[in-house]
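Quick note: the coordinates plus some simple rules give every number you see, no bench work behind them. Values in this document were obtained by computation on a predicted structure and should not be read as measured data. So basically every Cβ, Gly included, is an ideal-geometry build from the backbone, and we count neighbours across all protein chains shown.
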Amino acid sequence: MIDPKRCLKISIFIAGFSGIVSEYLLSTLASYLLGDTVFQWSITISIMLLAMGTGARLSKEIPESFLIDSLVLNEILLAMFVSFSVYLCYLQAPFSERISFFIYSTCFIVGILIGFEIPICVRINSSFEELKDNISSILEKDYLGALPGGLLYGYLLLPKLGLLYTPAFIGLLNLSVAGILFAGFSRHIRKILYVPYVSAIAAVVSFTVFAKPIYLHAEQRFYRDPIVDIRQTRYQKIVITKWRNHYLLYLNGHLQLSTVDEKRYHESIVHIPMAIKEAKSVLIIGGGDGCVLREVIKYPYVKRIELVDIDREFVEYSMSSEIMRKINQNSFRDKRVKLYFMDGFQFVKKTKRRYDLAIIDLTDPNNLTSARLYSKEFYSLLYRILSADGIMITQASSPFFARKVFCCILKTVSEAGFIAFPMTVNVPSFGEWGFVLGVKERMKKEEILGKIKQNFKEKYCSYLTKEKAISEFYMEKNFSCSGIIPNTLINPVILRYYEDKLWQLI
C-alpha cells in the first residue's frame, strides 16, 4: 500500500487546483449566459463561498468510521457535477426564467462539495500529525494547488480546452483524487465504492469523446442560423453562423457583424473621417475582425497603419480562417500594417508616436474592462497622441436603443478636449447605430460637411455615397443629451446607462 499520508497531501493539492478552476469555470459560464461579467463573477464566487461554508459545516456530521469513504464519494459526485454542469446549464439557457436559478443552484451544490473536502482531510490527517502541523499542512497544500489552477485557467485551460473540454478535464482530476485515495487507503474503503467510481470514469470519458457534437447541439440553441465554426480564446468565445450565403460573427454571444450589412458600419467609420482628414498614419483600437482595416488599406496615401487588439488569438483567427479572410479580404497581409497585442488603454498611454486618425472599433461598454476605453481619461490620452489637426472616431452604440450610452460617449469625447459630432447610420442587423467623431481643430459642422462634399471617395465604397455620408450627421428631431454626465475611470456611469431597459427591445 502506498504511504497514505503522502496520498492525502497529493489529493488535497489536486483538489485545491480543481476547486479554484471549478469556481472560475462556473463564473465564466454565468457571464456568458447571463451577461454583466463583473456582477456574475462576484455573485457566483460569493454563492460558492457560502456553499463551501455550508459544506464544511455538514462535514461534522460524518462519523469517524466513514471519513475516507465520504471523501471518495464526495470526489465522485464533484467530478460528475463539474463535468456535466456546463452542458446542463446550456440546456436550460433557452428558458430565461430558469437559467439564473439553475446556474446559481449548480454553483451552490459544487461549492458544498468543495467545502466538504478540507475539514474531512483535516480529520483524516489527524491520525498522522498533531493539530498545529495538521491544519497548516492541509491548508498549505490546498492553497498551493489553487495557485497553478488559477494561472492555468486563464492562460491554458479556457483558451485551449474552452467550455467544451475544461469541465471534463476537471472532472477527471477529481476522479484522480478518488483514485489516489483508493491507492493509499484501500484497506479502509468499502469495496462497493468501486462501482460508482468506475461508472463515473466511464461516464466522463464517454462524454468527453462525444463532447463536441453534444456541446454544439446545446450551443446551437442560442442561434437562429446553423453554426459553422466555434472557437474559444482567452478573452472571448467566437461563433460564426451562416444564413444563405451570408455569415454572422458573434463574440461572447453578442452579434458583431453580419455580411448582409456590415459594410454600412465599416464604410461609415472609415471613409467619413478619411474624407475630413487625409491621414498618413492611422491607429485602429480593436477591429480584430480586420474589416476596418479592409477599408483603411484602400487609401494609397496612408503610410502607416497600427492595429491594437488585446486578443491575439482572435486576430490570428481572422487572419487564418477561410471565412474571416473572405470577409476582411486578407487585409492583414498589407505591408503597411503593424499589429500590437495589448490593452488599448495601455497602448495609448505608453506610445510615443503620433497619428493623424484614430479609429475605435470596440465592443459595447458592458463591463468594467471595456468601459475604460470609453472614459475621459482614455480619450484624453488619445487627444495627446493625435497630430495637431488629428481626428478620432469611435463606435458609440445605438442612439435609439441605448440613447444614454450614446450621449455619454458624446459628452465624454467633448470633455476630453475634442469638438464632438454625433453621427448615426442604419444597420438593419442592429437598427440605428451611432458614432462619435472628434476633431482637435475648432471646426463647425458646416466645415466638416464641406470637406466630406469635396473629398469623399465613393469609388472605395459599395454602400456609402457622398450624400449619405453627409446625412449621417443629421440626428432625429428633438435629439437631446440633457442630464447625461461623462464617463470616467473613478465614476464609470456608462455601465449604469448600458443597463437601460430599452436594450430589452433588441
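Could you please report the charge total around residue 379, scoring K, R as +1 and D, E as -1 over all other residues with beta-carbon less than 14 angstrom from its beta-carbon?
It works out to a net charge of +4.
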Problem set entry | Binned Cα-Cα distance frequencies in segment 356-506 - 5 Å width, integer % | 2, 9, 18, 23, 21, 15, 9, 3, 0
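Within 10 Å, count the other beta carbons around each residue, average over each peptide in 24-35, 320-331, 420-431, 285-296, and list them highest first. It would help to have the intermediate numbers written out before the result.
Numbers: 24-35: 21.4, 320-331: 16.6, 420-431: 18.8, 285-296: 26.0.
Going by the mean number of other Cβ atoms within 10 Å, highest first, we get 285-296, 24-35, 420-431, 320-331.
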Exercise. Each residue of segment 464-472 in order: what ³J(HN,Hα) in whole Hz does its phi give by Karplus 6.51 cos²θ - 1.76 cosθ + 1.60, θ = phi - 60°, with x for Gly and Pro?
Worked result: 7, 10, 4, 5, 5, 4, 5, 5, 5
Problem set entry | Relative contact order for the chain, counting Cα pairs under 8 Å that sit 6 or more residues apart, in percent | 13
Problem set entry | Inter-part distance where segment 183-219 and segment 452-475 are each reduced to a Cα centre, Å | 61
Exercise. Based on the inverse mean of 1/r over its pairs of different Cα atoms, what is the Kirkwood hydrodynamic radius of the chain, in Å?
Worked result: 25.3
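Say the cut-off is 25 Å between C-alpha atoms; which of 349/444; 9/212; 160/212; 5/132; 277/303; 404/459 go over it?
Pairs exceeding the cut-off: 349/444; 9/212; 404/459.
Return the equivalent ellipsoid semi-axes of segment 187-251 as a descending list in whole Å, where each equals the square root of 5 times an eigenvalue of the C-alpha gyration tensor.
Each semi-axis is √(5λ); the values are 40, 13, 8 Å.
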For this session: Pop a pseudo-label 7 angstrom from the Cα along the beta-carbon direction at both residue 491 and residue 2 and give the gap in nm to one decimal.
Result: 5.9
For this session: Search the structure for amide H atoms under 5 Å from the amide H of residue 358, placed 1.01 Å from N in the peptide plane, and list their residues when 5 or more places away or on another chain.
Result: 283, 391, 392, 393
Exercise. Looking at the chain, do any whole DSSP H helices span at least 24 angstrom along their long axis by alpha carbon and average 0.0 or above on Kyte-Doolittle, and which?
Worked result: 4-34, 37-58, 67-92, 96-125, 131-152, 162-184
Exercise. Using alpha carbon coordinates only, what is the Rg to Rh ratio of segment 339-441, with Rh defined as the Kirkwood radius?
Worked result: 0.96
Problem set entry | Ranked by how many other beta carbons lie within 10 Å on average, peptides 215-222, 391-398 from highest | 391-398, 215-222
For this session: Note the per residue figure in Å³ for the convex hull of the C-alpha positions in segment 1-158.
Result: 119
Exercise. Can you list the cysteines of the chain that have no other Cys Cβ under 4.7 Å away?
Worked result: 7, 89, 107, 121, 291, 408, 461
Problem set entry | Cα-only radius of gyration and Dmax that characterise segment 270-394, units Å | 13.8, 40
For this session: Quick one: which residues, 5 or more positions from residue 441 or on another chain, have an amide H under 5 Å from its amide H? H modelled 1.01 Å from N in the peptide plane, none for Pro or chain starts.
Result: none
For this session: Sort the following peptides by mean Cβ neighbour count (other Cβ atoms within 10 Å, averaged over residues), highest first: 270-280, 149-159.
Result: 270-280, 149-159
Exercise. Near the amide H of residue 397, under 5 Å away, which other amide H atoms are found, from residues 5 or more places off or on another chain, if H is placed in the peptide plane?
Worked result: 434
Exercise. In segment 273-332, which chymotrypsin sites (Phe, Trp or Tyr not before Pro) fall in coil by DSSP and have 11 or fewer other Cβ atoms within 10 Å?
Worked result: 301
